[in-house]
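K.L.:
Okay, here's the structure, questions in a sec.
Each reported figure results from applying straightforward, stated rules to the coordinates on display, with no laboratory input. Everything quoted here is computed from the prediction, not taken from an experiment. All Cβ positions, even for glycine, are placed from backbone atoms using ideal geometry, and neighbour counts span all protein chains on display.
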Amino acid sequence: MGASGSGKSTLMNLIGCLDIPTKGRILLMGKNIAALAPSGLAAMRGKLIGFIFQQFNLIPTLSALANVAIPMMFQGVPSERRNARASQLLGMVGLGDRVHHKPSELSGGQQQRVAIARALANDPKIILADEPTGNLDSTMGHKVIDFLKELHKKEKKTILMVTHDERLAKEAERIIYLKDGKIIKRG
Amino acid sequence: MIADYLKFSFSNLKSRKLRSYLTMLGIFIGIAAVVSLISLGEGLRYAVSSQFGFLGADLIRVNVGSAFGPPGSSTPSNPLTTDNINQIAKLNGVRMAAGRNLRQVKMTFNGKTSFAMAVSMPDGRERKEIEELIGYSAAKGRMLKDGDRSLAVIGASLADKETFDKEIVPGASATIQGKPFTVAGILKKKGSFVIDGAILLNEDMHRELMGLPKDQYDFIGVRAANLKDVDAVKGSIEKLLRKKRNVKEGEEDFSVETAASAISQIDNVLVGVNIFVFLIAGISLVVGGIGIMNTMYTAVLERTKEIGILKAIGAGTQSIFSLFFLESGILGLLGGIIGIALGVIGTLMLAALGRSIVGTDLFQARFSPLLLLGSLAFSFLLGIIFGVAPALRAAKMHPVDALRYAK
């Protein structure tokens, strides 16, 4: 939690291995990721972390299936296994009948569910969700939150969500408050 | 892995079809120009060497006058003689030497008149040698024999329905220079206007018809005993004739041609043409390459956010580089493929057009596999060379900056 400019996204980028700190260490699964080279960071992102963004960030030219399958391509998973897993994941998020649709042919909620399926593609330990409901109406937003909670319970995924919405934050088991780049309160 | 990347890169190009085609334009114009002009040049080279009956590599031809090409329709000032033939025949490495005459004649058949080249055939053993050397054979009827009078064998295109509005078959009567002849046979088509448009007559008949003196020849056909001796024989004929005709080296009023020397003369012309073609095509290809670079830089900029997303979901520097690098390689390669296709079609059309307008077989298309494969490899190379810098830019992007990038 935190107001805009409080450093939520920066923290998320650091945990997500998208960025490295100018000083200090970041331990992720016991490994200091601040010391990793770009290729090492990419490998961590690919295997350990799944991202869900506020703007969904799907690749517009690819079908839902291809969007979900693409993280597996970078991990060298053969195409048959990729596609099988991608359609299984899309089925799980309730888009089994939309696999060949392009993002532009899907509603916001559907797009975010494709993004969730994509985040799960490489079976990551951690899912980082940056304002995942920010672009959705409240009904759709709740569905997404429910889905994330279910993932946490059933699949034992760690879910780290950034939000400035108090009501959403209440759904979490722990809340960390940030202000001006510092943790001011942890629940 | 590579196959997956290729598929991804290809689908990206497909999603921007118009831009991809425009980018490839520069490449395929260059490649098409190279393919068509080189192929036409090759065709010309082949046509010229076959035109003059120089397909036999062991054939040496002695012409009077230094001009390259078939001896003309006028009497040379200092013609070749029977003595010359006998002297050449005695030279080391010579298997056979035969004098021949070649004149333009008027042939009339079916009320129509056409010009043709009447060429004399020697008697005896030399007849067989010449037939073998040039590859004369009768498609219909028979070849001439010693002592045949008022008989002619004509080339395939003269016998064609198109020449006299009526096909000529063996046994038909025609007049040559106003004198009646019977057609004994039709030559097998060779694809050379000299042979296909020729009238073969026995030497005595030819002389009588053209009013040529007994002891003069327009050219001498010489066959070397061994293929490897061709150059040596050519040298000794030149030496002999310089002495007999009393001319200094460099001032010869005759020429001794071999298949190799005929082709090298054409090559001299073609080298100039080829350099010009390569220069023009080179400029076009460099411009095409820069076009690819420009398109790829634009693509990198446009897809900054996509690069950020791909990086976030686990794409490393190398993967991003490969994706963009392959894309430019595909642009080059596709440009090359289209260029080759256009070049081949263009060449065939140009050759057909040339043949129908000028009416000679000099316009031919000959495609060397090396040229086609080389063009393909070169266009791919061009794509990847000009793709390196944009791909590096894409690969080096910082994921956070790229993700934050708004169009």
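K.L.:
Take every DSSP beta bridge with both residues inside the protein assembly as shown and express the antiparallel ones as a percent of the total, to the nearest 5.
P.N.:
The answer is about 70 percent antiparallel.
K.L.:
Tell me whether segment A:43-167 comes out rounded, prolate or oblate; compute the Cα gyration tensor, take square roots of the eigenvalues as a ≥ b ≥ c, and use a/c under 1.5 as the rounded threshold.
P.N.:
Numbers: a/c = 1.71, a/b = 1.24, b/c = 1.38.
Oblate, because a/c is 1.5 or more while a/b does not exceed b/c.
K.L.:
A follow-up question, please. Counting only DSSP beta bridges with both residues in chain B, what percent are antiparallel, rounded to the nearest 5?
P.N.:
Counting DSSP beta bridges with both partners in chain B, the antiparallel share is about 80 percent.
K.L.:
If each residue of separation counts as 0.36 nm, what is the full-extension length gain between A:R167 and A:R25 once their alpha-carbon separation is subtracted?
P.N.:
Taking 0.36 nm per residue and subtracting the Cα distance, the gain is 47.9 nm.
K.L.:
Taking the simple approach of a point 7 Å from Cα along Cα-to-Cβ for both B:Q265 and B:E302, what is their distance in nm?
P.N.:
5.6 nm
K.L.:
Additional query: Each label point is 7 Å from the Cα along the Cα-to-Cβ direction; what then is the distance between the points at B:I345 and B:R207, in nm?
P.N.:
The two pseudo-label positions are separated by 5.8 nm.
K.L.:
While we're here: Among DSSP bridges having both ends in segment B:102-211, what percentage is antiparallel? Round to the nearest 5.
P.N.:
Percentage antiparallel, nearest 5: 70.
K.L.:
Going by alpha carbons, how many degrees (0 to 90, nearest 10) lie between the helix axis of A:38-48 and the longest principal axis of chain A?
P.N.:
On a 0 to 90 degree scale, this one is about 70.
K.L.:
Please enumerate, by chain and number, the aspartates and glutamates with C-alpha under 12 Å from the C-alpha of A:K149, excluding those fewer than 8 residues away in the same chain.
P.N.:
A:E171, A:E173
K.L.:
Oh, and also: Over 23 Å between Cα atoms, which of B:K128/B:K166; A:K31/A:K153; B:K7/B:K305; A:K102/A:K125; A:K8/B:K396 qualify? Each step should come with its number before you reach the end.
P.N.:
Details: B:K128/B:K166 31 Å; A:K31/A:K153 25 Å; B:K7/B:K305 20 Å; A:K102/A:K125 28 Å; A:K8/B:K396 25 Å.
Those over the limit are B:K128/B:K166; A:K31/A:K153; A:K102/A:K125; A:K8/B:K396.
K.L.:
Something else now. How would you rank B:Y46, B:Y21, B:Y136, going from fewest to most other Cβ atoms within 10 Å of each one's own Cβ?
P.N.:
Ordered from fewest to most neighbouring Cβ atoms within 10 Å, B:Y46, B:Y21, B:Y136 come out as B:Y21, B:Y46, B:Y136.
K.L.:
Relative to the longest principal Cα axis of chain B, at what angle does helix B:369-396 sit, 0 to 90 degrees, rounded to 10?
P.N.:
In chain B, helix B:369-396 runs at an angle near 20 degrees to the longest axis.
K.L.:
Ratio to report: Rg/Rh of the protein assembly as shown, with Cα atoms as the point set and Rh obtained by the Kirkwood method; give two decimals.
P.N.:
Rounded to two decimals, Rg over Rh is 1.32.
K.L.:
Let me ask another. With a cut-off of 8 Å between alpha carbons and a minimum separation of six or more residues, what is the relative contact order of chain B in percent? Please list the in-between numbers first.
P.N.:
On the way: 724 pairs, mean separation 116.6, N = 407.
Relative contact order here is 29 percent.
K.L.:
Taking the Cβ-Cβ separation of B:I280 and B:T81 as r and a Förster radius of 56 Å, what is the calculated FRET efficiency to the nearest 0.05?
P.N.:
With a Förster radius of 56 Å, E is 0.65.
K.L.:
Run the numbers on segment B:102-211 and let me know its relative contact order in percent, using alpha-carbon pairs under 8 Å that are six or more apart.
P.N.:
35 percent
K.L.:
Specify whether the C-alpha gyration tensor of segment B:248-407 places it in the rounded, prolate or oblate class, a ≥ b ≥ c being the square roots of the eigenvalues: rounded for a/c under 1.5, otherwise prolate if a/b is larger than b/c and oblate if not.
P.N.:
prolate
K.L.:
Evaluated at 20 °C with a viscosity of 1.002 mPa s, what Stokes-Einstein diffusion coefficient in µm²/s does segment B:102-211 have when Rh comes from the Kirkwood expression over alpha-carbon pairs?
P.N.:
Translational diffusion coefficient: 159 µm²/s.
K.L.:
Under a no-solvent Debye model with one identical scatterer per Cα of chain B, what's log10 I(q)/I(0) at q = 0.07, 0.08, 0.15 Å⁻¹?
P.N.:
For chain B at q = 0.07, 0.08, 0.15 Å⁻¹, log10 I(q)/I(0) is -0.52, -0.61, -1.24.
K.L.:
At a Förster distance of 51 Å, what's the computed FRET efficiency of B:R245 paired with B:L22, Cβ-Cβ distance as r, to 0.05?
P.N.:
After rounding to 0.05, the efficiency reads 0.20.
K.L.:
In whole angstrom, how far apart do the alpha carbon centroids of segment B:325-346 and segment B:245-297 sit?
P.N.:
25 Å
K.L.:
For segment B:190-210, list residues with backbone N below 19 Å from a point placed 7 Å from the Cα of B:K179 toward its Cβ?
P.N.:
Those under the cut-off are B:198-210.
K.L.:
Taking the Cα atoms only, what angle lies between the long axis of helix B:17-51 and the longest principal axis of chain B, rounded to 10 degrees?
P.N.:
With rounding to tens, the tilt is 20 degrees.
K.L.:
7 Å from Cα along Cα→Cβ at both B:F10 and B:F115: what's the point-to-point distance in nm?
P.N.:
Each label point lies 7 Å from its Cα, and together they span 5.7 nm.
K.L.:
Relative to the present Cα-Cα distance, how much length would full extension add between B:L227 and B:Q104 at 0.36 nm per residue of separation? Please report the intermediate quantities before stating the final value.
P.N.:
On the way: separation 123, 0.36 × 123 = 44.28 nm, distance 3.21 nm.
Working it through step by step, the gained length comes to 41.1 nm.
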